[in-house]
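J.: Mind looking over this structure? Questions follow.
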Amino acid sequence: MRVPKAGAVAAMIGLALTASGCGGAEDKGNLAIGIKFDQPGVGMREPDGTFTGFDVDVATYIAKELGYKADHITFKRVLSNDRELLLEYNEIQFVAASYSINDKRKEKVDFAGPYFLAHQDLLVRANDTSITKAEDLNSKRLCSVTGSTSAENLRKNLAPKASILELGGYSECLVALQDGLVDAMTTDNSILAGYGARKGNEGKFRLLGLNLSNENYGIGMKKGSPELQGKINAAIRKMIDDGSWEAAVKKNFGPDYKSEPAPAAAGG
C-alpha cells in the first residue's frame, strides 16, 4: 500500500476539518443563551416564535462578537430561580435575563458587565390612587416572582407587613394585578414599563416612578469562566462605544423611558 506524501495528507486533513464544521465562525455550531420569555421590552417570545427585547439584542450582539451568526443562536427560557442551575449543568452558555449582579449570586456564577442599570419600581392599576410610596404596601397585597431580589428588598427594608404573593413569572403577576388579586407588582422599572406599554395594556396600569433599588444587569456564566467573561466584557464595551447600545435602548423601551446612561466601563 502506498503512503500519501506529507502535502497530500495535510490537504486531506484540511478538507476533513472544513467538512466537519471546524472552519470558521459560521461553523461553530449553536450557542444556547438563557433569556426571559415573558418580559416585554426586555426578553419576550412573541406569538410568531420570534424573540424581542433589549436583552435579546444585547445577547445577539455578544454572540456575533463571539463568532456566532444569528441563526446559530438558540434562546432558552430561564426563570429567576433556575438560572444558576442551568448554567451549572451546561444547558446554556450564558444568561442575559435582567440578571442583577449581587454578592450572593457571585458565589455561584461569574458575571460580565454591568451592561444596564435599572431601578426597582411598583406597577399599580391606573385607577388606584391608594399607593404612592413603598410604605403604603404594608396594608396591601404585592406580587413578585420567585427567586427575584425585588420581593426580598421590600420585605426586609421597605414594607415588612406587606402580603407578598410570589409566582413563577411576571406575566402571571400582571394577570393577578389586572384581576384585583393583588394591589401592585414589583420588579425593575424596565420590565414594568414594558408591560405597561404592551399593546392592549395601554391605560390599564400606572408606573409609580420610584427608585427603590439599583439593579445592575450582568451577563451570567458558569463559575470559573474567565476567558468567556473577558470576551463578553469586550463585546459589551464595543456595543456601547459603537452606538448599538443606545439604539437598542430607544428601540425597546421607547422615547419616554428615562434610562440611566450606559455603564462607564463595563467589566472594568
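J.: Nearest 10 degrees is fine. How inclined is helix 6-19 to the longest principal axis of the chain, computing both from alpha carbons?
T.: The two axes meet at around 30 degrees.
J.: Additional query: Which one of Gly194, Ala235, Ser163 has its Cα pushed farthest toward the positive end of the charge dipole of the stretch 81-239, where Lys and Arg give +1 and Asp and Glu give -1 at the Cβ?
T.: Result: Ala235.
J.: Of Lys140/Lys161; Lys36/Lys76; Lys64/Lys231; Lys238/Lys258; Lys199/Lys251; Lys104/Lys222, which ones are farther than 18 Å apart at the Cα?
T.: Details: Lys140/Lys161 8 Å; Lys36/Lys76 8 Å; Lys64/Lys231 11 Å; Lys238/Lys258 23 Å; Lys199/Lys251 15 Å; Lys104/Lys222 14 Å.
Correct reply: Lys238/Lys258.
J.: Shifting gears a bit: Please return the longest stretch of the chain lacking exposed loop sites, where trypsin sites (Lys or Arg not before Pro) count only if DSSP places them in a loop and at most 16 other Cβ atoms lie within 10 Å.
T.: On the way: sites that count: Arg2, Lys5, Lys28, Lys69, Lys108, Lys133, Lys161, Arg198, Lys199, Lys204, Lys223, Lys258.
Result for the longest clean stretch: 29-68.
J.: Per the Kirkwood definition applied to all pairs of different Cα atoms, how many angstroms is the hydrodynamic radius of the stretch 88-160?
T.: Values: mean 1/r = 0.0672 Å⁻¹.
Over the stretch 88-160, the inverse of the mean reciprocal pair distance is 14.9 Å.
J.: Continuing with the same structure: For the chain, what is the convex hull (Cα atoms) projected area averaged across all directions, in square nanometres? The partial results should precede the final answer.
T.: Numbers: hull surface 71.0 nm².
Value for the chain: 17.7 nm².
J.: Determine by what factor the alpha-carbon radius of gyration of the stretch 139-268 differs from 2.2 N^0.38 Å, reporting the quotient. Please list the in-between numbers first.
T.: Values: Rg = 17.2 Å, N = 130, 2.2 N^0.38 = 14.0 Å.
Normalised by 2.2 N^0.38 Å, the Cα Rg of the stretch 139-268 equals 1.23.
J.: Mind checking the log10 I(q)/I(0) for the stretch 132-209 at q = 0.17, 0.22, 0.25 Å⁻¹? Debye, one equal scatterer per Cα, no solvent, two decimals.
T.: -0.60, -1.03, -1.32
J.: Provide the three semi-axes, in whole Å and in decreasing order, of the ellipsoid equivalent to the stretch 80-206 as defined by the square roots of 5 times the Cα gyration tensor eigenvalues.
T.: On the way: eigenvalues 148, 55, 34 Å².
Equivalent ellipsoid of the stretch 80-206: 27, 17, 13 Å, largest first.
J.: Further, regarding this structure: What distance in nm lies between label points placed 7 Å from Cα along the C-beta direction at Lys64 and Asn90?
T.: According to this spin-label approximation, the distance is 2.9 nm.
J.: With the full set of protein chains in place, find how many percent of the accessible area of the chain is carbon and sulfur; take the probe as 1.4 Å.
T.: With neighbouring chains kept in place, the figure for the chain is 53 percent.
J.: Okay, next question. Using a Gaussian network model of the chain whose springs link C-alpha atoms within less than 10 Å, name the residue from Pro40, Pro114, Pro160 with the highest mean-square fluctuation.
T.: Sorting by GNM fluctuation, first place goes to Pro160.
J.: So with the 1.4 Å probe, I'd like the accessible area per residue for the chain, rounded to whole Å². Mind showing how you got there, number by number?
T.: Numbers: 13350 Å² over 268 residues.
Here the residues of the chain average 50 Å² of exposed surface.
J.: Find how much the distance from Thr74 to Asn138 grows on full extension, using 0.36 nm per residue of separation minus their present alpha carbon separation; answer in nm with one decimal.
T.: That pair, Thr74 and Asn138, stretches by 18.8 nm at full extension.
J.: Send over the semi-axes of the stretch 76-122's equivalent ellipsoid, whole angstrom and largest first, taken as the square roots of 5 times the C-alpha gyration tensor eigenvalues. Please list the in-between numbers first.
T.: Values: eigenvalues 72, 32, 22 Å².
After diagonalising the Cα gyration tensor, the semi-axes are 19, 13, 10 Å.
J.: Taking amide H atoms as placed 1.01 Å from N in the peptide plane, list the residues 5 or more away in sequence, or in a different chain, whose amide H sits under 5 Å from that of Val42.
T.: Phe54
J.: For the stretch 73-139, state which chymotrypsin sites (Phe, Trp or Tyr not before Pro) are in a DSSP loop and have at most 11 other beta carbons lying within 10 Å of their beta carbon. Don't skip to the answer; put the middle values down first.
T.: Details: sites: Phe75, Tyr89, Phe94, Tyr99, Phe111, Tyr115, Phe116; in loops: Tyr89, Tyr99.
Qualifying residues, ordered by number: Tyr89.
J.: Between Lys108 and Glu227, how high is the FRET efficiency from 1/(1 + (r/R0)^6) when r is the Cβ-Cβ distance and R₀ = 25 Å? Nearest 0.05.
T.: Result of the calculation: an efficiency of 0.85.
J.: What is the list of residues in the stretch 163-207 whose amide nitrogen lies under 15 Å from a point 7 angstrom out from the Cα of Lys258, following Cα to Cβ?
T.: 189-190, 193, 207
The values are calculated or read from the model by the stated rules, or taken from the named source; none is laboratory data. Since this is a predicted model, take the numbers as computed values, not measurements. A quick note on method: Cβ atoms are made from the backbone with ideal geometry, for glycine too, and the neighbour counts reach across all protein chains shown. These accessible areas exclude ligands, DNA and RNA; they are computed on the full protein's heavy atoms, side chains included. Shrake-Rupley method; radii C 1.70, N 1.55, O 1.52, S 1.80 Å.
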